[in-house]
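*Asks:* My questions all concern the structure below.
No lab work stands behind these numbers, since they all come straight from the coordinates. Here the structure is a predicted model, which means the values were calculated and not measured. Every residue, glycine as well, gets a Cβ built from its backbone with ideal geometry; the counts of neighbours run over all protein chains shown.
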Amino acid sequence: MQITTESIIWITGASSGIGEALALSCAKKGAKLILSARNTERLENVKHKCFLHCSFVSIIPFDHEDNETLLNAVSVACSLFGRIDFVFLNAGISQRSMTRDTALHVYRRLMEINYFGTITLTLGILPLMLRQKSGHITVISSIAGKFGTQMRSGYCASKHALAGFFESLAVEVYTSNVKVTVVYPGYINTPITLHSLTADGSPYAKMDDSLLHGISADKCAEKIIQGVENDKGEIIIAGLKERTAVWLNRFAPGLLRYILRRMDPIK
Ligand SMILES: NC(=O)c1ccc[n+]([C@@H]2O[C@H](COP(=O)([O-])OP(=O)(O)OC[C@H]3O[C@@H](n4cnc5c(N)ncnc54)[C@H](OP(=O)(O)O)[C@@H]3O)[C@@H](O)[C@H]2O)c1
């Protein structure tokens, strides 16, 4: 299904990074947009940029850690047009801490934001899409949803969980004409590490070199939309290093772990 001026699109995590870039790309196609995240000021800013290209942008703030705001957002989003054609479940947070140092509450937070928040929204909009007999759900996992690596055990777990959930959902809803795409980005140049959780849950507050030299958020959004419009079930957006790691994990996992053990966990 192509994104057109008739398309109604809900993008989560739209206040920054990949979500903001997705919002702008969809706006340039003239689609009607619903944007969500916590920070309303930043969402308003994105809304103004989108309005240069499209005629309808609505903001529905929510917090993945506050179930009530999620359920309210689902009901508002579903009733705006009585239809949702595309949803990009992109909101998420990362981690920079070794497993042995990390408090249990940090793992719970990562799962709450990345996994439970995302599936709460999915369970909310699924009945509408099943009734419509159309719709496309896209979730942003990560290369970290393909294999485990240092300093990200909770993040990797949450992204593997998303991959498992949405791969299963894809098989279940295929005959109802609801499409599901799982996106696995590698290093993308966004501020994600500024808010990444450290061992005690405080923000990491630094940008990693690997991200600064990563693929731009605009390019990432462009590739996501291209893949979604071409009905790809899986989209990997990554440099050669991460792509090689995915290949090694599949065909020579021992060798990948040997390499990962020797890598600087921060880079
Ligand atoms: N950048 C990368 O290299 C990379 C690689 C692989 C996967 N990803 C994934 O891509 C997605 C987008 O990340 P990004 O790189 O664009 O990072 P980002 O710029 O930090 O964006 C994260 C978005 O998630 C929202 N968010 C965070 N916590 C939230 C919460 N509790 N409730 C609601 N919204 C929340 C943020 O908005 P508010 O702060 O306003 O709530 C923001 O809009 C994430 O799922 C991330 O795991 C990123």
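*Asks:* How high is the relative contact order of the chain, in percent, counting Cα pairs under 8 Å that sit 6 or more residues apart?
*Replies:* Values: 537 pairs, mean separation 50.1, N = 267.
Worked out over the chain, it gives 19 percent.
*Asks:* Additional query: Grab the other residues whose beta carbon is less than 13 angstrom from that of Leu255, score K and R as +1, D and E as -1, and report the net. Walk me through the numbers before you get to the answer.
*Replies:* On the way: positive: Arg250, Arg257, Arg261, Arg262; negative: none.
Charge balance near Leu255 sits at +4.
*Asks:* Of Gly164, Leu260, Ile113, whose Cα points farthest to the positive end of the dipole of the chain (charges on the beta-carbon: +1 Lys, Arg; -1 Asp, Glu; origin at the Cα centre)?
*Replies:* Positive-most Cα among the choices belongs to Leu260.
*Asks:* Ranked highest first by average number of other Cβ atoms within 10 Å, how do 87-96, 102-111, 144-153 line up?
*Replies:* Working: 87-96: 24.9, 102-111: 16.8, 144-153: 20.0.
Highest mean packing first, the order is 87-96, 144-153, 102-111.
*Asks:* Hey, another quick one. Work out the P(r) tail for segment 36-194: percent of alpha carbon pairs separated by more than 19 Å, whole number.
*Replies:* Values: 7371 of 12561 pairs.
For segment 36-194, the fraction of Cα-Cα distances above 19 Å is 59 percent.
*Asks:* Using amide H atoms built 1.01 Å from N in the peptide plane, name the residues 5+ places from Gly135, or on other chains, whose amide H lies under 5 Å from its own.
*Replies:* Long-range HN contacts for Gly135: Lys179.
*Asks:* Could you list which residues have their amide H under 5 Å from that of Ser196, counting only those 5 or more apart in sequence or on another chain, with H placed in the peptide plane?
*Replies:* Residues meeting the amide H criterion: Ser94, Tyr204, Ala205.
*Asks:* Determine the sum of side-chain charges near Ile143: Lys and Arg each +1, Asp and Glu each -1, restricted to other residues whose C-beta is under 9 angstrom from that of Ile143. Don't skip to the answer; put the middle values down first.
*Replies:* Details: positive: Lys146, Lys159, Arg243; negative: Glu242.
Here the charged neighbours net out to +2.
*Asks:* Calculate for the chain the 222 nm mean residue ellipticity that helices alone would give, adding -39,500 (n - 2.57) per DSSP H run of length 4 or more and normalising by residue count, nearest 500 deg cm²/dmol. Walk me through the numbers before you get to the answer.
*Replies:* Numbers: 10 runs with 122 residues, N = 267.
Calculated mean residue ellipticity at 222 nm is -14000 deg cm²/dmol.
*Asks:* Right, here's the next one. Mind checking the full-extension length gain between Thr40 and Asp218? Use 0.36 nm per residue of separation minus the Cα-Cα distance, one decimal, nm. Spell out each step's value before the answer.
*Replies:* Numbers: separation 178, 0.36 × 178 = 64.08 nm, distance 2.15 nm.
Result for the pair: 61.9 nm of gain on full extension.
*Asks:* Another question, if that's okay. Nearest 20 debye, what's the magnitude of the dipole of the chain about its Cα centre given +1 on Lys and Arg Cβ and -1 on Asp and Glu Cβ?
*Replies:* Details: 29 positive and 23 negative charges, 134 e Å.
Dipole about the Cα centre, nearest 20: 640 debye.
*Asks:* Would you please give the FRET efficiency between Ser202 and Arg261, computed as 1/(1 + (r/R0)^6) with r the Cβ-Cβ distance and R0 = 35 Å, to the nearest 0.05?
*Replies:* Between Ser202 and Arg261 the formula returns 0.80.
*Asks:* Using 1/(1 + (r/R0)^6) with R0 = 30 angstrom and r between the beta carbons of Asn177 and Arg250, what's the FRET efficiency to the nearest 0.05? List each step's numbers first, then the result.
*Replies:* Numbers: r = 30 Å, r/R0 = 1.02.
About 0.50, to the nearest 0.05.
*Asks:* Rounded to the nearest 0.05, what FRET efficiency do Ser168 and Val76 have when you use their Cβ-Cβ distance and R0 = 22 Å?
*Replies:* Details: r = 28 Å, r/R0 = 1.26.
Calculated transfer efficiency: 0.20.
*Asks:* PRE reach from Gln150 (point 7 Å along Cα→Cβ): which of segment 91-108 fall under 19 Å by backbone N?
*Replies:* Backbone N within reach: 95-103.
*Asks:* Let me ask something additional. Magnitude of the Cβ-charge dipole of segment 165-267, K/R +1 and D/E -1, about the Cα centre, nearest 20 debye? Let's see the in-between values first.
*Replies:* Working: 12 positive and 12 negative charges, 95 e Å.
That gives a dipole near 460 debye.
*Asks:* Tell me, what is the Rg over Rh of the chain, with Rh the Kirkwood radius over Cα pairs? Present the calculation step by step, with values, prior to reporting the outcome.
*Replies:* On the way: Rg = 17.8 Å, Rh = 18.6 Å.
Using only Cα positions, Rg/Rh for the chain is 0.95.
*Asks:* Still on this structure, please answer the following. Local charge sum around Ala14 (other residues, Cβ-Cβ under 15 Å, Lys/Arg +1, Asp/Glu -1)? Each step should come with its number before you reach the end.
*Replies:* Details: positive: Lys28, Lys32, Arg38, Arg42, Lys47, Lys49; negative: Glu20, Glu41, Glu44, Asp63, Asp218.
Local net charge: +1.
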